[in-house]
Amino acid sequence: MNKADAVVVGGGLAGLAAAIAVAKAGLNTIHLAPQGPRDQRTSALMLPSVAWLRQASLIGDPATLGHPLTRIRIIDATGRLLRAPETLFDSGEAGLAAFGWNFPNVLLMESFEKAGARLSNLETRAASLAALNVDGDGVSLTLSDGSNLEASLVIGADGKKSLVRAAAGFRAREYDFTQSALVCDLVLGRPLGSTSVEFHYDRGPFTLVPAGDNRANLVWIDDRTVLKSAQEGGREHLRKIFLTRSQRLFGDIQLATPAHLFPLSTISVEKAGADGVVLVGEAAHAFPPIGAQGLNLGLRDVADLSDALLAAKVKPAGWARAVSEDYASRRSGDLARTGTMVDTLFRSLLTDMLPAQFLRAGGLWALKLLPPLRKQAFRLGMGAH
C-alpha cells in the first residue's frame, strides 16, 4: 500500500494546476493523470486568472502563449420583437490593457507540465481511479492498474462524471440542456484583431474569439439536432452556414480544423469539500460556455485550495478534514454567484417570454448607456469578489 499526503485525480488543466499547488504547499503529492489525446480547444482566461497563473509560476509572459482580448462586441441577431442594442465593451474603459487572453490549451498544458517537472515531491502516474473509500483515518484509493493508495487529502479534478464526487458522497444537481456547442478553428477573410464577437441567436450565441492573425476560435451553441445536421453536411455546408451566421462581417471563412460537438449541461454541488476530499474544476461545477467562466472558475478553485493549505496547520490529526472544510467555505460564495450569473444569462438567451426578453434588452441598453454599471459588469465577468 503506497501512502501520500495528497492525491490529485484528473489530468486536465485544473487537475495539473491543483497538483502543482498542493505540492508547492509542501505535501508529498501523487497526481493520477491517465494519458489521453491533447486538448485542441482554447481557453479565454480573464486578467485575474492570468495574474494568478503568473504568480504561481505556471506561465510566464502571456504574449508568448496566447492572444489578448481587449474588446467584446455583442450583436443581437435574434430578430425578436424586443431586441438588444449592439454593445461594445472596451478594456481601456476599465483602465485595463486587456480583459484577458485566449490561450491554446495545448500550450497551457505544456507550460504547466514544465512547472510540475521542477517539483521533486510531485509524482505523476498514468493510472486512473477505479474506487475510493473515505473513512475516519483518511482516504483509500484503488487504481486502474490494481494498485492501492492511502492519502490524507484527495482532490477530485476528474470532470463532469467525477468518480471522486460520486464515491465520496457529494450531492450534485445536474441538468442537461437540449443544446450543444460546436467548436472549431476558422480562417477569416478579415481579422478580428483583439475583439471577441458574439452574435446572439434565438437558440444560443455564435461566438468568434481571436486566435492571432486571421484565425478565430468558433463556439456555436444551438439545438443539438441543428448542430449535428450542420456537422454531417460537411465542410462546405458548414462554411456557408458560418458565413450567414457571421453576417459576412469578416469576409470569407474557411475551416482550419474539424468541427466537434459537446453536449451542454450544468452541474453544481452543495459543498465543494468535506471529510478530507475537495472538488475542483468540472468535478464541482459545469456550465454552458457563456461569459468565459469555465477554466477561470476552476483556477479560482485551485487558488482558494492553495490559500486553505497555506492557512492550515498541516500534519496534526485531522488536518485534511480541516482543509476541506475551509476550502468549501472559501468557495461557496463564488460558486453560487457565478452559477446564478451564467445560468440566468444563458436562459435569458433562449427564452421566448416577452418579459424576460424585455429585461435582457433593457439590461444591455443600461450597460451600453451607464458607464458605472458597465464597470461593475467588467468586475463580475472577470470573477472579482
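The values are calculated or read from the model by the stated rules, or taken from the named source; none is laboratory data. Everything quoted here is computed from the prediction, not taken from an experiment. All Cβ positions, even for glycine, are placed from backbone atoms using ideal geometry, and neighbour counts span all protein chains on display. To get the accessible areas, we keep the full protein, side chains included, count just its heavy atoms, and leave off ligands, DNA and RNA. Shrake-Rupley method; radii C 1.70, N 1.55, O 1.52, S 1.80 Å.
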What is the residue count in segment 305-329 for residues that are within 12 Å of Ala17 (Cα to Cα) and surrounded by fewer than 22 Cβ atoms within 10 Å (Cβ to Cβ)?
1
Filter segment 208-223 down to the residues that are out of contact with any Lys or Arg (no Cβ under 6 Å at 6 or more places or on another chain) and among the charged types (D, E, K, R) and list them by number.
Asp213, Arg215
Tell me, which residue of segment 257-304 that is touching a residue at least 60 places away in the same chain (Cβ under 8 Å) and charged (D, E, K, R) is least open to solvent (accessible area, probe 1.4 Å)?
Asp301
Reported set for segment 193-220 where residues are in a loop (DSSP other than H, G, I, E, B) and more than 19 Å from Asp76 (Cβ to Cβ) is Gly193, Ser194, Ala211, Gly212, Asp213, Asn214
Could you check segment 218-230 and list, in sequence order, the residues that are touching a Pro at 6+ places or on another chain (Cβ under 8 Å) and open to solvent by 10 Å² or more (accessible area, probe 1.4 Å)?
Val219, Arg224
Residues satisfying the stated conditions in segment 138-169, i.e. open to solvent by less than 50 Å² (accessible area, probe 1.4 Å) and basic (Lys, Arg)
Arg165
Within the bounds of segment 22-40, is there any residue that is touching a Phe, Trp or Tyr at 6+ places or on another chain (Cβ under 8 Å) and not small (Gly, Ala, Ser)?
no
What is the residue count in segment 232-247 for residues that are open to solvent by less than 60 Å² (accessible area, probe 1.4 Å) and within 15 Å of His260 (Cα to Cα)?
5
Kindly provide the set of residues from segment 200-217 that are touching a residue at least 24 places away in the same chain (Cβ under 8 Å), surrounded by fewer than 21 Cβ atoms within 10 Å (Cβ to Cβ) and closer than 22 Å to Pro258 by Cβ, ordered by number.
Gly212, Asn214, Arg215
The listed residue being under 30 Å from Trp101 (Cβ atoms) and either hydrophobic (A, V, I, L, M, F, W, C) or without any contact (Cβ under 8 Å) to a residue 24 or more places away in the chain (or both), out of Leu153, Leu182, Leu143
Leu182
